[in-house]
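The values are calculated or read from the model by the stated rules, or taken from the named source; none is laboratory data. This structure is a prediction, so every number in the text was calculated from the model and none was measured. Reconstructed Cβ throughout: ideal geometry from the backbone, glycine too, with neighbour counts over all protein chains shown. Each accessible area value is taken on the protein alone, full model and side chains, heavy atoms only, with ligands, DNA and RNA left out. Shrake-Rupley method; radii C 1.70, N 1.55, O 1.52, S 1.80 Å.
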Amino acid sequence: MDQLITYSLHLADTTLILAQRNAEWCAHGPILEQDIAITNITLDLIGQSRNFYQYAATLINQSAEAVAEPATEDSLAYLRTEREYKNLLITELPNGDWANTILRQFFFSVFQFGLLEQLQKGSDAQLAAIAEKSIKETTYHVKWSSEWVIRLGDGTEESHQRMINAIHNLWTYTGEFFIPAVYEKDVLPHVDFDALKSAWLEKITEIFTEATLSVPPASFMQTGGKTGHHTEHLGFILTDLQHLQKTYPGAEW
Amino acid sequence: MIPELQTIWSLLEEVKDPEVPVLSIPDLGIVREVKIYDDLIEVIITPTYSGCPAMDMISMDIRLKLLEQGYKNIRVSYQLSPAWTTDWMTESGKKKLQEYGIAPPQEKRVRKMLFDEDEEIICPRCQSSHTKLLSQFGSTACKALYQCQDCKEPFDYFKCH
Ligand SMILES: [Zn+2]
């Protein structure tokens, strides 16, 4: 049960933090249609987070350690500390330019698509139901971000160079997708992470080839987010995200 | 169908999608089931998209509508699986969308494959099929933005999902 709670929180934190980053583009997108696109993706990610947080809250409240104050989706999002957050490191990195934002969404969405397919086949009915709902949205995210990777990679000299810089910034954060934490192995005994990684790499290679970009060689990969060891960026995100609830506890509107 | 169930379904016809007010929630296909217990009415709905901001408002509107008719004990529950699809939208719902100027979902099957050919969408104003996609993401999560190449009008398309 504890492992399932932690895993649900890991999924919820990951989509919440990525949503929080993408939301920084709200009203700053390169053109109106793309501003709307990135914020729509943000909304999908927040919706997915809410489903995972609600599930985690239900499990926490059912478990023996339940405290007087029941957990809610809000308490889980607003009142947990940096070390308690289990999001993937790649989601908390600063947005950088549009190329960097696009590439992160592309890496993440292709990974998430494969993972959600697996969750649908898993033994936990609620995770499977959330995955069934989410994968339809993720399909759009993959399509949209792939098209942008191709457009920028195979675009101008400037956009091509920006994609190369983005690959340089993000590549070492992609390994964490496929290095399972203890709780993941426990909750997902049926998932072959190496197979998930090969399928991901195949898709990345296909799109990169079309985008005239090269896939970097295997290298050192950053880890830590899944166990609560974060970059210096997460603290700032949470300060922003949690400011209101910490200043005015229990505030509602 | 027992008469009271019939009554509740017809009351639900009066609850509209706040983002597309010509559609009732049964038209939209999000009411999965209505159950009547001794003194409790349960309405089970499913979200269109995970982050659909209209869901909270819709469940409040259901509650208000039933309270208004004298029902006191009402429960609105959410069900995620099976996931909502535009296939559940009624034919009359599709017609209302069309008249409202939004192209209704035009495919029968849900696509999950990546990189399909872009679909040919019919302009709701002049019925031309000579249209182009401006953005996969439109004014709400469930819509995409198109433009008609003949009458030049931009229009919303209610995406197949
Ligand atoms: Zn037209």
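Taking a probe of 1.4 angstrom, what is the accessible area of B:D61 in Å², to the nearest 10?
50 Å²
I'd like the projected area of region B:5-88, averaged over all directions, using the convex hull of its alpha carbons. Report it in nm² with one decimal.
Its Cα hull, projected and averaged over all orientations, spans 5.2 nm².
In whole percent, what relative contact order does chain A give with Cα contacts below 8 Å and a gap of six or more residues?
25 percent
So what's region A:108-182 giving for Cα Rg divided by 2.2 N^0.38 Å, two decimals?
1.37
Enumerate cysteines in chain B without a disulfide-compatible partner, where compatibility requires another Cys Cβ under 4.7 angstrom.
B:C52, B:C142, B:C160
Magnitude of the Cβ-charge dipole of the protein assembly as shown, K/R +1 and D/E -1, about the Cα centre, nearest 20 debye?
Here the size comes out at about 200 debye.
In what order, largest first, do A:L32, A:L43, B:L97 sit by accessible area if the probe radius is 1.4 Å?
The ranking, largest first, comes out as A:L32, A:L43, B:L97.
If you take the charge dipole of chain A about its Cα centre, with +1 on Lys and Arg Cβ and -1 on Asp and Glu Cβ, which of A:W171, A:A251, A:G47 is farthest toward its positive end?
Of the options given, the answer is A:W171.
Keeping every protein chain present and rolling a 1.4 Å probe, give me the accessible area per residue for region A:131-232 in Å².
So region A:131-232 comes to 47 Å² accessible per residue, rounded to a whole number.
Quick check: the angle from helix A:32-62's long axis to the longest principal axis of chain A, C-alpha only, nearest 10 degrees?
The two axes meet at around 30 degrees.
Helix-derived [θ] at 222 nm for chain A: sum -39500 (n - 2.57) over DSSP H runs of at least 4, divide by residue count, nearest 500?
-22500 deg cm²/dmol
So what is the accessible area of region A:69-128 per residue, in Å², with the probe set to 1.4 Å?
36 Å²
Give, ordered by residue number, each residue of region B:116-161 whose 1.4 Å probe accessible area is reduced by a minimum of 50 Å² on adding the remaining protein chains to the chain alone.
With the partner chains in place, region B:116-161 has these residues losing at least 50 Å²: B:Q136, B:F137, B:H161.
Could you tell me what a quarter of the Cα convex hull surface of region A:2-247 works out to, in nm² with one decimal place?
13.1 nm²
Highest mean first, how do A:80-92, A:222-234, B:30-42 rank when packing is the count of other Cβ atoms within 10 Å averaged over residues?
A:80-92, A:222-234, B:30-42
Per DSSP H run of at least 4 residues, take -39500 (n - 2.57); add these up for chain B, divide by its residues and hand me the 222 nm value, nearest 500 deg cm²/dmol.
Value at 222 nm, helices only: -7000 deg cm²/dmol.
Work from the charge dipole of chain B (Cβ charges, +1 for Lys and Arg, -1 for Asp and Glu, about the Cα centre) and give the residue of B:I62, B:W88, B:Y146 farthest towards its positive end.
Farthest towards the positive pole: B:Y146.
Any idea what diffusion coefficient region B:1-47 gets from Stokes-Einstein, in µm²/s, Kirkwood Rh on alpha carbon pairs, 25 °C, 0.890 mPa s?
Calculated translational D: 219 µm²/s.
If the convex hull of the alpha-carbon atoms of region A:75-146 is projected onto planes in all directions, what is the mean projected area in square nanometres?
The directionally averaged projection comes out at 6.0 nm².
Could you point to the residue in A:N22, A:L59, A:A71 farthest towards the positive end of region A:1-99's charge dipole, with +1 and -1 charges on the Cβ of Lys/Arg and Asp/Glu respectively?
With unit charges placed on the Cβ atoms, the residue in question is A:L59.
If you wrap a convex hull around the Cα atoms of region B:14-161, how much volume per residue is inside, in Å³?
Looking at region B:14-161, the number lands at 111 Å³ per residue.
On a 0 to 90° scale, report how tilted helix B:91-100 is relative to the longest principal axis of chain B, with both axes built from alpha carbons and the result rounded to the nearest 10.
60 degrees
Whole percent per 5 Å bin, from 0 to the bin with the longest distance: what is P(r) over all C-alpha pairs of region A:68-209?
Result returned by the calculation: 2, 9, 16, 19, 20, 16, 10, 6, 3, 1, 0, 0.
With a 1.4 Å probe on protein heavy atoms only, work out how much accessible surface B and A bury together, total over both chains, in Å² to the nearest 100.
Accessible area lost upon association: around 2600 Å².
Share of antiparallel DSSP beta bridges in region B:5-88, in percent to the nearest 5?
If I count the DSSP bridges inside region B:5-88, around 60 percent turn out antiparallel.
Across the residues of A:25-37, average count of Cβ atoms on other protein chains within 10 Å?
2
Report the antiparallel proportion of the DSSP beta bridges in the protein assembly as shown as a percent, rounded to a multiple of 5.
70 percent
Probe radius 1.4 Å, ligands and nucleic acids ignored: give me the carbon and sulfur share of the accessible area of region A:2-247 as a rounded percent.
Roughly 56 percent of what the probe reaches on region A:2-247 is carbon or sulfur.
Could you tally up the Lys pairs in chain A with alpha carbons closer than 14 Å? Skip any pair fewer than 8 positions apart unless they're on separate chains.
Counting lysine pairs in chain A gives 4.
Once the cut-off is 30 Å, how many percent of the Cα-Cα pairs in the protein assembly as shown end up in the long-distance tail?
So the pairs more than 30 Å apart make up 46 percent of the total in the protein assembly as shown.
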